[in-house]
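One structure is given here, and the rest of the page talks about it.
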There are 2 protein chains.
Amino acid sequence: MNDRLPTSAPSRPGDDFESRRVRLAIRRGEHRGPTAGLAHGFVQANLMILPRALANEFLLFCQRNPKPCPLLAVSEPGEHTLPGLGDDLDLRTDVPRYRVWRDGELVDEPEDLHAVWRDDLVAFAIGCSFSFEEALLADGIDVRHVSRGTNVPMYRTNVPTAATRRLHGPLVVSMRPMKAADAIRAVQITSRFPSVHGAPVHLGDPAQIGIADLQHPDYGDPPVILDGELPVFWACGVTPQSVIRTVRPTFSITHAPGHMLITDVPNARLASF
Amino acid sequence: MNDRLPTSAPSRPGDDFESRRVRLAIRRGEHRGPTAGLAHGFVQANLMILPRALANEFLLFCQRNPKPCPLLAVSEPGEHTLPGLGDDLDLRTDVPRYRVWRDGELVDEPEDLHAVWRDDLVAFAIGCSFSFEEALLADGIDVRHVSRGTNVPMYRTNVPTAATRRLHGPLVVSMRPMKAADAIRAVQITSRFPSVHGAPVHLGDPAQIGIADLQHPDYGDPPVILDGELPVFWACGVTPQSVIRTVRPTFSITHAPGHMLITDVPNARLASF
């Protein structure tokens, strides 16, 4: 969580200055670290970029897996813009760190996509739990990895995603430990945000979803779990990266975990009511 | 609303006997009328069937227009099953009346699809307001067309859908007149059902969305509006039929309005929380 932008006053939802300011700073190369805590109040997105030949099937995969892959926007082939998420947004430059995958292997983590961009690429912006965490924090719930300044722990489960012909792989979940009353309240709050994973997919015994040891997450940092707390699990937007490792498509690009695409959409606008 | 199946005791959500019984009766040709009121408690779906060549783009259209086109399921090309909606479901026989469209013109209203089925067809099951009407009725709200035994009035608006390259056309809405307090409550209730159109898209002045005369709906029956009531408008699953008329694809199949696909999914399962 180092390498932060110097922040001025926190922005407010509805004020698009801060999100744009941060995005332009990233584009200029002035911020290369994780984006948690930046442009407070604005939606950040997971990114998945695929060649057109696989893009339609990934769209179907997202339709069949709305909890891990809630789509915020899909680009037109070859276009590096997503005007619905930000007028000036440029998919080639506006994420602080990308991951380039060939045949399912991570081959590079570039800071822009100028060297690898192709005219047949389609980008998918997928909701991110940062949006609902803001609502949990606003309710007074201790979101542990936020209060401890670490990355949220994420785990590959034994729960299969709903496959398409070529795309399949295990569901990845993020975990937040909470007292039961807070967990119940968190179910209510996150249910209001279906486009950023919605309600939890599991709580309690991690073994029931194939997690052997909470202290060894597959992504992110180990959690601090206090006495009397339950682990609460949400579907995670890193699931597509697990699908890439499983399916090994010839070419794909994602964001680097924690290094999200910052949009001009206020988090409040994602509430279903 | 004639031509009804003789009904036995109403079924309960969670009891899949009644939905299956009705679906099999339709398959045997014993019911050819509208499906409103049948298999109480179970989800009914709008149907859109397109050749594979246009299906991926329609999937994208649905992603961009989730209020009129909330997808419940998408078939594999050429498969006439949707196992997620009913183990035995057969898309060729289980709707009481279909519409076959060529070049945007309605050319036939067959009772099954055996004569026109093709191996390249992809079916889209789209949520239907019957599901949320059950929740409104359960709350004690007078859903006028239900209490009067007519079809819900539907209107083409001047609100454009979010276009894809080839697919575009005006949003179609359904309308239910209500007192203001009931309209506010209906906003709360239907917000819980995003996969069957969710919250209203408009209320009050019809002219603001391009409706000149509520007594002349484009589909369904004219409404009875009582003193002190507001018209409340929801996005409608007939919107794809309006897109067909606008875009004129070579070949497509839909259900006939009011003649829905009956599934084994309890309405209660569509509640977002």
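Here, each number is a calculation from the coordinates, and none is a lab measurement. Just so we're clear, the structure is a prediction, and the values are computed from it rather than from any experiment. No Cβ is skipped: glycine too gets one built from the backbone with ideal geometry, and neighbour counts run over all protein chains shown.
Taking chain A as a Gaussian network, where each spring joins two C-alpha atoms under 10 Å apart, which residue of A:THR239, A:THR81, A:THR250 fluctuates the most? Among A:THR239, A:THR81, A:THR250, the largest GNM mean-square fluctuation belongs to A:THR250. Both radii are taken from the alpha-carbon atoms of the range B:31-152; with Rh as the Kirkwood radius, Rg/Rh is 0.98. Amide H to amide H distances under 5 Å link A:HIS40 with A:SER11, where only residues 5 or more positions off or on other chains count and H is placed in the peptide plane. Could you work out the relative contact order of chain B? I mean the mean sequence separation of Cα pairs under 8 Å and 6+ apart, divided by the number of residues, in percent. Across chain B, relative contact order equals 30 percent. Hull volume per residue, based on the alpha-carbon atoms of the range A:25-90 and their convex hull, is 120 Å³. Split chain A at each of the trypsin sites (Lys or Arg not before Pro) in a DSSP loop with at most 10 other beta carbon atoms within 10 Å, and the longest piece is A:29-164. Plainly put, chain B has a radius of gyration that is 0.94 times its Kirkwood radius, both from alpha-carbon atoms, as the Rg/Rh ratio.
Calculated mean residue ellipticity at 222 nm for chain B: -6000 deg cm²/dmol, from DSSP H runs with n ≥ 4 weighted as -39500 (n - 2.57), summed, divided by the residue count and rounded to 500. Amide H to amide H, with H built 1.01 Å from N, B:VAL159 comes under 5 Å of B:LEU171, counting only residues 5 or more places away or on other chains. Approximating the spin labels as points 7 Å out from Cα along Cα→Cβ, the A:ARG102-to-A:HIS216 distance works out to 3.2 nm. Looking at the range B:53-120, the GluC sites (Glu not before Pro) that sit in a DSSP loop and have at most 14 other Cβ atoms within 10 Å of their own Cβ are B:GLU79.
Indicate the gyration tensor shape class of the range B:107-163 (rounded, prolate or oblate), computed on the Cα atoms with a ≥ b ≥ c the square roots of the eigenvalues: a/c under 1.5 is rounded; otherwise a/b larger than b/c is prolate and the rest oblate. Prolate is the answer for the range B:107-163, as a/c is 1.5 or above and a/b outweighs b/c.
Within the range A:63-94, whose backbone N sits under 13 Å from a point 7 Å along Cα→Cβ of A:ALA163? Flagged as within label range: none. Remark on chain A: A:CYS128, A:CYS236 stand apart, with no other cysteine beta carbon under 4.7 Å.
Backbone N atoms of the range B:177-214 closer than 12 Å to the 7 Å Cα→Cβ label point of B:THR150 belong to residues B:177, B:214. Pairs of C-alpha atoms in the range B:159-254 farther apart than 15 Å represent 65 percent of all such pairs.
Loop-located chymotrypsin sites (Phe, Trp or Tyr not before Pro) in the range A:114-209 (DSSP state not H, G, I, E or B) with no more than 15 neighbouring Cβ atoms inside 10 Å: A:TRP117. Distant-in-sequence amide contacts of B:GLY86, defined by a placed amide H-H separation under 5 Å and a gap of 5 or more residues or a different chain, comprise B:ASP264.
Every Cα-Cα pair of the range B:117-198 was included, and the share exceeding 22 Å stands at 39 percent. Once the Kirkwood radius over Cα pairs is known for the protein assembly as shown, the Stokes-Einstein relation at 37 °C and 0.692 mPa s delivers a diffusion coefficient of 133 µm²/s. The share of C-alpha pairs in the range B:200-266 whose separation exceeds 17 Å stands at 59 percent.
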